[in-house]
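Everything below concerns the one structure shown next.
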Amino acid sequence: HGFVKVKAMRKDIDNLGAIFQQGQKRPSFTKSALLSRQINAFFAVYLPTLCKEKYCNSYTVFAGGDDFFLIGPWYEIICLASEMRNKFHEYCANNEKLHFSAGILLTKPGAPVNQLAERTESALELAKHALDAHGKASKNNVYCLEQVMKWTDFEQVVQACLDLKNIQDQYGLSTAFIYALLSWCDMAEKEHLQPEMILWRSQLYYKIYRHLESLPAYKGNKEALKKCTADLAVIFAKNLEKFKG
């Protein structure tokens, strides 16, 4: 890992006040204190331990209560965010009403921590106040790379990134191909407004075909070349149509 690009992440639990006020059938001081300690233990004890064991390049600025603020390499922070969400869901016995939102900010190394704190707080607010299809604040979201999405969608994007990396390694995709993929993402995002943007599909197929054509494994084997091109085009097109920008 290198700190070429740094991610800062901040989160807190959604509707925590309502959880304490309405989340217990027979509320008492003892139950509230126990709930408070259990929440704090997850972020103050489990999170630092997880970082130490698995995400050793991520730095905990603070963690406790229902809140944490982390700084680390961009991709490591993204993977940590996804795992934290799943672990918290398990910790809460898969209770759908207990969840948190997070703001993840990409920045250059050396940015002052106080600026990171302010900007990640703004990112967190965007995640918590994003509107659903019915115009209501939905929460249970993550803000990352100027996009607000549900955690389930975020995890699918992370998995798509892993799949892309595997394909890149297997077929030796060039940096130029990956940059072209970014352009096709933008085109897929806009195609419902600009009909000419549907050209990304033909561009994608052509680019895959020309790349595979240059590989020794497909020289002189047109059938294998066409089949592999079609298979890869389906994989890329499926993700582009689903995730768009």
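The values are calculated or read from the model by the stated rules, or taken from the named source; none is laboratory data. Since this is a predicted model, take the numbers as computed values, not measurements. Positions of Cβ are generated from backbone atoms using ideal geometry, with glycine treated the same way; all protein chains shown enter the neighbour counts. Surface areas here come from the heavy atoms of the whole protein model, side chains and all, with no ligands, DNA or RNA. Shrake-Rupley method; radii C 1.70, N 1.55, O 1.52, S 1.80 Å.
For the stretch 127-138, enumerate the residues that are surrounded by 17 or more Cβ atoms within 10 Å (Cβ to Cβ) and either in a strand (DSSP E or B) or touching a Lys or Arg at 6+ places or on another chain (Cβ under 7 Å) (or both).
Restricting attention to the stretch 127-138, the residues satisfying the condition of being surrounded by 17 or more Cβ atoms within 10 Å (Cβ to Cβ) are 127-128, 130, 138.
Hit for the stretch 127-138 is Lys128, nothing else.
Any residue at all in the stretch 215-225 that's surrounded by 14 or more Cβ atoms within 10 Å (Cβ to Cβ) and under 30 Å from Arg85 (Cα atoms)? Looking through the stretch 215-225, none of the residues is surrounded by 14 or more Cβ atoms within 10 Å (Cβ to Cβ) and under 30 Å from Arg85 (Cα atoms). For the stretch 33-51, the criterion of being open to solvent by 40 Å² or more (accessible area, probe 1.4 Å) and within 17 Å of the chain's Cα centre (by Cα) is satisfied by no residue at all. Out of all the residues in the stretch 17-72, which are in contact (Cβ under 8 Å) with a residue 12 or more places away in the chain and among the aliphatic types (A, V, I, L, M)? Correct list: Ile19, Leu35, Ile39, Ala44, Leu47, Leu50, Val61, Ala63, Leu70, Ile71.
Considering Ser82, Ser122, Ser101, which residue is assigned to a helix (DSSP H, G or I) and open to solvent by less than 20 Å² (accessible area, probe 1.4 Å)? It would help to see each step written out before you state the result.
Numbers: Ser122 fails: open to solvent by less than 20 Å² (accessible area, probe 1.4 Å); Ser101 fails: assigned to a helix (DSSP H, G or I).
Result: Ser82 is the single residue among Ser82, Ser122, Ser101 that is assigned to a helix (DSSP H, G or I) and open to solvent by less than 20 Å² (accessible area, probe 1.4 Å).
Please indicate, with yes or no, whether at least one residue in the stretch 150-165 is within 25 Å of Ile19 (Cα to Cα), of a type in the set (Ser, Thr, Tyr), open to solvent by 50 Å² or more (accessible area, probe 1.4 Å) and over 18 Å from the mean Cα position of the chain (by Cα). Scanning the stretch 150-165, I find no residue that is within 25 Å of Ile19 (Cα to Cα), of a type in the set (Ser, Thr, Tyr), open to solvent by 50 Å² or more (accessible area, probe 1.4 Å) and over 18 Å from the mean Cα position of the chain (by Cα), so the answer is no. The set of residues in the stretch 2-55 being within 20 Å of Glu83 (Cβ to Cβ), modelled with pLDDT under 75 and of a type in the set (A, V, I, L, M) consists of Val6 alone.
Assess whether Tyr179 counts as being more than 25 Å from Cys79 (Cα to Cα), without any contact (Cβ under 8 Å) to a residue 40 or more places away in the chain and of a type outside the set (A, V, I, L, M). Spelling it out, it is not the case that Tyr179 is more than 25 Å from Cys79 (Cα to Cα), without any contact (Cβ under 8 Å) to a residue 40 or more places away in the chain and of a type outside the set (A, V, I, L, M).
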